Amino acid sequence: MDSRSISFKKRKISRHRCVACYKMFNRREHLVEHMKISYHSLHQPRCGVCLKHCKSFESVREHLNVPDHLFKGNCKAIFSKRGCTLCLQVFEEAIALADHKNICQLSPPRPLGTSTQRNPSRSHAGSRLKAVALDCEMVGGGDDGTIDQCASVCLVDEDENVILSTHVRPLLPVTDYRHEVTGLSEEDLKDGMPLEDVRARVVSILCGGHNDGAGRLLLVGHDLRHDMSCLNLEYPSNLLRDTAKYVPLMKTNLVSQSLRYLTKSYLGYKIQCGKHEPYEDCVSAMRLYKRMRDQEHGCSGKEEGNGLNSRKQSDLEKMKAEELYQNSTSEYRCWCLDRLSNP
């Protein structure tokens, strides 16, 4: 073996491997920089076969369908036989997978008329806050119908019971009912509640009937900024659970997915096949939230922020790859933490 081969072999042996995503680095400082920007933690989505960490579940799906040079195993073949295509879990036995699919695959929500209206339930699971889901449908105002106006509002609790469902009387004349999407007409809205009354009802529900303006419930929805804007509603960001902004549910390039796509991919049924039903959208967003919340990730001690950025570079470069991983934290608050404590 000549000197060049020996030198190459030494360089190959000294390469540093990320224990989370399996990327290789020639220099330890490069591994450290990678860990500081990757935010690897036990809360990241992972391949159920090789346990590789990914930014989102969509990245895991791509990993399972595209040959991955970072891992030499046969993840796709194994997953095709023992993996759930909805939650991406892998099971040891085919019978266990079949039993799981009966639970994981959900049916579309019942029609609104079959639900029982009631007030939001109180917290009964330790100190966990209860959650409500919100969805609004908008009609158009202005000369060209592009001004969004709230026309219907729906709120449901975790058990998919209706808390509030009402049409809303728009502030401006409606120039586009967007009937193909909303299914609404002039007749539907003429007896709607005034917007301010609807807003007051929503605020009262979210604040547990108090008038202090302090939120007491988690607010779940998809792209909540639109719903909140049309209601002229402000709410603490730490109490928002937005399925359009939650990193594990976003595309590989961290762009939002549609609620329709998320429902089909993670819950197993179709929505919005015709007009949009606020109740159906509320229930689907709530189900997605609960599916993400109910994942078992364990506890790492440091759950938010990135502990690596608070340490000196020289100290980090002395750490082994496993130590770097143990000290790294997620850049987002994992919804599984809602089971353990109040946000």
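Only residues that are open to solvent by 60 Å² or more (accessible area, probe 1.4 Å) and basic (Lys, Arg) were counted in the stretch 229-254, giving 2. Being under 18 Å from the mean Cα position of the chain (by Cα) and either surrounded by 18 or more Cβ atoms within 10 Å (Cβ to Cβ) or hydroxyl-bearing (Ser, Thr, Tyr) (or both), is that true of even one residue in the stretch 203-218? So far as the stretch 203-218 goes, yes, one or more of its residues are under 18 Å from the mean Cα position of the chain (by Cα) and either surrounded by 18 or more Cβ atoms within 10 Å (Cβ to Cβ) or hydroxyl-bearing (Ser, Thr, Tyr) (or both). Each residue in the stretch 20-37 was checked for being in contact (Cβ under 8 Å) with a residue 60 or more places away in the chain and either surrounded by fewer than 21 Cβ atoms within 10 Å (Cβ to Cβ) or on the phi > 0 side of the Ramachandran plot (or both), and 3 pass.
Exactly one residue out of SER185, SER229, SER165, SER237 is hydroxyl-bearing (Ser, Thr, Tyr), modelled with pLDDT of 90 or more and more than 23 Å from GLN257 (Cα to Cα), and it is SER165. Scan the stretch 324-341 and tell me whether some residue there is within 24 Å of ILE103 (Cα to Cα), open to solvent by 40 Å² or more (accessible area, probe 1.4 Å), part of a helix (DSSP H, G or I) and modelled with pLDDT under 95. Yes, some residue in the stretch 324-341 is within 24 Å of ILE103 (Cα to Cα), open to solvent by 40 Å² or more (accessible area, probe 1.4 Å), part of a helix (DSSP H, G or I) and modelled with pLDDT under 95. Close Cβ contacts (under 8 Å, 6 or more residues apart or on different chains) running from residues in the stretch 153-171 that are more than 17 Å from MET138 (Cα to Cα) to residues that are among the acidic types (Asp, Glu) comprise ILE163/ASP157.
Scanning for something without any contact (Cβ under 8 Å) to a residue 60 or more places away in the chain, surrounded by fewer than 20 Cβ atoms within 10 Å (Cβ to Cβ) and closer than 30 Å to MET35 by Cβ, does the stretch 255-275 turn up at least one residue? Yes; the residues of the stretch 255-275 include at least one that is without any contact (Cβ under 8 Å) to a residue 60 or more places away in the chain, surrounded by fewer than 20 Cβ atoms within 10 Å (Cβ to Cβ) and closer than 30 Å to MET35 by Cβ.
Only one of the listed residues (ALA98, ALA125, ALA131, ALA77) is touching a Lys or Arg at 6+ places or on another chain (Cβ under 8 Å), modelled with pLDDT of 90 or more and small (Gly, Ala, Ser). That residue is ALA131.
Check the stretch 57-80 and report whether any residue there is crowded, with 19+ Cβ neighbours inside 10 Å and part of a loop (DSSP other than H, G, I, E, B). No, the stretch 57-80 contains no residue that is crowded, with 19+ Cβ neighbours inside 10 Å and part of a loop (DSSP other than H, G, I, E, B).
The values are calculated or read from the model by the stated rules, or taken from the named source; none is laboratory data. Model, not experiment: these values are computed from the prediction. Note that we place each Cβ from the backbone using ideal geometry, even for glycine, and neighbour counts take in every protein chain shown. What goes into the accessible areas is simple: the full protein's heavy atoms, side chains included, and nothing from ligands, DNA or RNA. Shrake-Rupley method; radii C 1.70, N 1.55, O 1.52, S 1.80 Å.
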